[in-house]
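This report refers to the structure that appears directly beneath it.
Each value in this text was obtained by applying a stated rule to the coordinates, not by laboratory testing. The shown structure was predicted, so the numbers you read here are calculated from the model rather than taken from an experiment. Every residue, glycine as well, gets a Cβ built from its backbone with ideal geometry; the counts of neighbours run over all protein chains shown.
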Amino acid sequence: QTKIRVTSTVLFILFGCLLFVALPALIFQHIEGWSALESIYFVVITLTTIGFGDF
C-alpha cells in the first residue's frame, strides 16, 4: 500500500513538472515559430532563472 502511494506521488510530480515545461514550450513554439528544442531550451533557462541573454 505504501509503495503504491509513493509511486503514484512520484509519477504525479513528474507529470506535473513535464506539463510545467511542455505547455509553455508548445505556446512559444506556436506563437514565436520556434523549433521544439528552442522552445524547451527557452522555458528551462527562464524557469531556472539562468538567463544567458541569448533570446
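Between Leu37 and Ile13, the simple label model (points 7 Å from Cα in the Cβ direction) yields a spacing of 3.1 nm. The slack in the chain from Val44 to Phe20, taken as 0.36 nm per residue of separation less the alpha-carbon distance, amounts to 7.7 nm.
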